[in-house]
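The next block holds one structure in the form of structure tokens; read it before the comments.
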Amino acid sequence: MAASPYQRPPDTTTVSREQVHVREFDESRISKLITFLSRYARSYSRLALRDSPLTTLEDFTYLATLNAYQPLSKTDLIGRNIHEKSGGMEVIRRLHKQGLVTEQMHSHDRRSRVLMLSDSGREVLFQLFERMEQVARVLAGNLNAPERQQLLYLLLKLDAYHYPRFHQQRAKTLDELLDAYEQ
């Protein structure tokens with residue numbers, strides 16, 4: 001078994017912006033901080049997307065995903081972005097309405113359609129890459145290179161754990177979710 005690059009920091013209180021509550025357990029703090037980081041990312045991304053046809057971070061990630069993996073079905077595009085179907089369809093409709101994505105017949109299955117990045121979608125995406133890279137650097141904050149690698153390792157490990165459960169065992173209740181995660 002490969003050794004984990006994770007090394008526990010000496011004391012998390014030295015880097016915390018607020019005092020830890022006695023009743024708050026590690027998993028709760030992790031969940032809260034991931035939520036906060038997501039909100040920071042959305043806020044910073046809105047600044048980077050200002051003066052562009054895109055309005056949300058999801059608009060950008062959908063275009064970037066299409067750029068990397070096109071052609072994709074709507075279902076595949078939504079799945080790659082870890083989105084619920086209704087929210088993903090809303091993003092796709094918005095991008096299609098703006099002419100940033102196109103829809104075509106699937107080359108092997110005439111009954112299905114696939115999405116492609118349009119020329120204007122590619123142009124918008126490439127104009128925004130530098131700004132979004134700047135956002136990524138801001139989000140990495142004051143982490144040094146080994147800390148970034150450690151965080152990346154841990155986030156990849158969590159993603160590898162959740163991805164198959166999210167896609168294969170779509171729980172309809174909290175009890176179903178808990179049962180799936182105990183396996």
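The values are calculated or read from the model by the stated rules, or taken from the named source; none is laboratory data. Please read these numbers as outputs of a predicted model, since none were measured by experiment. We place every Cβ from the backbone using ideal geometry, glycine too, and count neighbours over all the protein chains shown. Ligands, DNA and RNA are stripped out before the accessible areas are found, and what is left, the full protein with its side chains, is counted by its heavy atoms. Shrake-Rupley method; radii C 1.70, N 1.55, O 1.52, S 1.80 Å.
For ASP51, work out the one condition from (1) surrounded by 15 or more Cβ atoms within 10 Å (Cβ to Cβ); (2) at positive phi it doesn't fulfil.
(1)
I need every pair where a residue in segment 21-44 that is basic (Lys, Arg) has its Cβ under 9 Å from the Cβ of a residue that is part of a helix (DSSP H, G or I), sequence separation at least 6 or different chains.
Short answer, once both residue conditions are applied: ARG29/THR12; ARG42/LEU57.
Collect the residues in segment 57-89 that are open to solvent by 50 Å² or more (accessible area, probe 1.4 Å) and of a type in the set (A, V, I, L, M, F, W, C), keeping them in residue-number order.
ALA68, ILE82
Pairs needed: first member in segment 146-173, touching a residue at least 60 places away in the same chain (Cβ under 8 Å); second member anywhere, in a helix (DSSP H, G or I) and open to solvent by less than 90 Å² (accessible area, probe 1.4 Å); C-beta distance under 8 Å; at least 6 residues apart or different chains.
Going by the 8 Å Cβ cut-off, the qualifying pairs are HIS167/GLY79.
If you go through segment 60-77, how many residues are over 16 Å from GLU130 (Cα atoms), over 11 Å from the mean Cα position of the chain (by Cα) and in a helix (DSSP H, G or I)?
The qualifying residues number 7.
Taking GLU90 as the residue in question, decide whether it is within 20 Å of the chain's Cα centre (by Cα) and of a type in the set (Asp, Glu).
For GLU90, the condition - within 20 Å of the chain's Cα centre (by Cα) and of a type in the set (Asp, Glu) - is met.
Looking for whichever is in contact with a Ser or Thr (Cβ under 8 Å, 6 or more places away or on another chain) and in contact (Cβ under 8 Å) with a residue 40 or more places away in the chain here; the options are LEU63, LEU57, LEU72, LEU77. Which one fits?
Matching residue, one of LEU63, LEU57, LEU72, LEU77: LEU72.
Identify all residues within segment 104-128 that are open to solvent by less than 60 Å² (accessible area, probe 1.4 Å) and either assigned to a strand (DSSP E or B) or not hydroxyl-bearing (Ser, Thr, Tyr) (or both); write none if there are none.
Result: HIS106, ASP109, VAL114, LEU115, MET116, LEU117, GLY121, VAL124, LEU125, LEU128.
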